[in-house]
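Report on the following structure.
The values are calculated or read from the model by the stated rules, or taken from the named source; none is laboratory data. What you see is a predicted model; the values in this text were computed from it and never measured. In this analysis, Cβ positions are derived from the backbone assuming ideal geometry, glycine residues included, and neighbour counts consider all displayed protein chains.
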Amino acid sequence: MDSSEQQLLRGLYLEGKTISCMARELQVSRKTLYQWRLRIQQKAVGLLGNTFAR
């Protein structure tokens, strides 16, 4: 996971920040962050298998 992905996860899930807040901090669009989040989820599924309930 690259540093941007780590920052996103830390902000969203450990610090409770919103996508909008993280977009401002990282100076990217909200759309970009949604794409990053999807990429992180896909990596997790690749590592752990599809054990996540939807």
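Regarding the stretch 12-21, can at least one residue be identified that is outside any helix (DSSP H, G or I) and surrounded by 14 or more Cβ atoms within 10 Å (Cβ to Cβ)?
Checked the stretch 12-21: at least one residue is outside any helix (DSSP H, G or I) and surrounded by 14 or more Cβ atoms within 10 Å (Cβ to Cβ).
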For the stretch 27-43, state whether one or more residues are of a type in the set (Gly, Ala, Ser) and either outside any loop (DSSP other than H, G, I, E, B) or under 11 Å from the mean Cα position of the chain (by Cα) (or both). no
Restricting to the stretch 36-54, count the residues that are surrounded by 12 or more Cβ atoms within 10 Å (Cβ to Cβ) and modelled with pLDDT of 90 or more. 4
Checking Met1 against (1) in a helix (DSSP H, G or I); (2) under 11 Å from the mean Cα position of the chain (by Cα); (3) not small (Gly, Ala, Ser), the condition it does not meet: (1)
